[in-house]
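The values are calculated or read from the model by the stated rules, or taken from the named source; none is laboratory data. From a predicted model like this one, the values you see are computed outputs, not experimental measurements. Don't worry about glycine lacking a Cβ; one is built from the backbone with ideal geometry, like all the others, and counts go over all protein chains shown.
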Amino acid sequence: MGIRNYPLVGLVFLTHALLSSADTVVLPATSFDTYSTLEQYWAYLYPWGSDHNGSARMVGNSSDHEHISVSGGVLTLSATPVSGQPPSTSNPHPAINYFSGTIHANVQINVDGTDAVGYQVEGEFISPTAKGTWPAFWLTAVNGWPPEADIGEWKGTEQIWSNTFRTASDVSSSTVPWPADGNFHCVKAVTSDLTIAYYLDDALQATHNATGFLGQAMWLYMEGSSGSPGPSGTTIFQARNVIVTKLTS
C-alpha cells in the first residue's frame, strides 16, 4: 500500500494445475462462509489497531459487522463517510473521513526456503475504482517495514497496481487495466525466495525481484476505502475464494 507505516515474496511458474499434492492449503476458500469461519482464519482490523496512513478508520469486531460482513462465501468491506473524528494515530496523521473495514489472516506467510519454498496467494474481487477509493489485498512484514508486496491495489482509477517494496526506495510497480464489468476477477501472487509473480485472471502480468523477503514473516491484509477526497456515499470492496497455499516443492 505504498508508504504504509508498517509492514512478501518469487518467479515460480505455478498455477492451480501445477500445484503439488504435497503443497498445503493454509487458508481455505471457505473462510468467508460464516462468521465462525471468518474468525477462525482472520482477525478484525490491523494487528496494531484501527488506523494507518490513509483517511479511513477501520471499525469492526465479532459483534459489529456494519463495515466487515460475510454472506454466501463473500466478504464485504464497506466504507462510509464520517465527520468529527480525531485524526489518524499513524503518521502522517491524516484527517479521518471514513469508517471502513479491514481484516488480516491469522496465518503468517514466510518463505523460509525449507518448510516453505513459496506461497500462492489468490482471491477473487470486485473493487471500487472511484476517485479517493483505496482498497487493497497485500502482504507486509510482521516485524518492521519493508518488505511489502501489494498483490492488488486500487488507487481510484480503473487500474490495478502490483507493488514490491524491497526497501523504502527500491520498489517495483506494475499496472494493468482493471475490468470495468463489475464482476469478480482473480488476483494472484506466486512467491519464491527470489521473485514474486503477479497474475490477473490467471494471466501473468509482472515478475518482480524479491530480494530481502526470504525468512521474513508476512501478514496478509484486505481493506476498504481510505482515500481523500473520496466518494460522498458508501463504497464496498468484495472478496471471495481467497486461498493461501504453502508450496513445499
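A search for C-beta distances below 9 Å between a residue of segment 28-55 that is at pLDDT 95 or above and any residue that is acidic (D, E), counting only pairs 6+ apart in sequence or on different chains, returns Y44/D64; Y46/E223. Cβ-Cβ contacts under 8 Å between residues 6 or more apart (or on different chains), taken from a first residue in segment 209-225 that is over 18 Å from V121 (Cβ atoms) to a second residue that is in a loop (DSSP other than H, G, I, E, B) and among the hydrophobic types (A, V, I, L, M, F, W, C), are listed as T211/L194; S225/W134.
Screening V12, V25 for residues that are within 21 Å of A217 (Cβ to Cβ), out of contact with any His (no Cβ under 9 Å at 6 or more places or on another chain) and either at pLDDT 85 or above or part of a strand (DSSP E or B) (or both) leaves exactly one candidate, V25.
Restricting segment 172-215 to residues that are β-branched (V, I, T) and crowded, with 16+ Cβ neighbours inside 10 Å, which is farthest from I109 (Cα to Cα)? The selected residue is T207.
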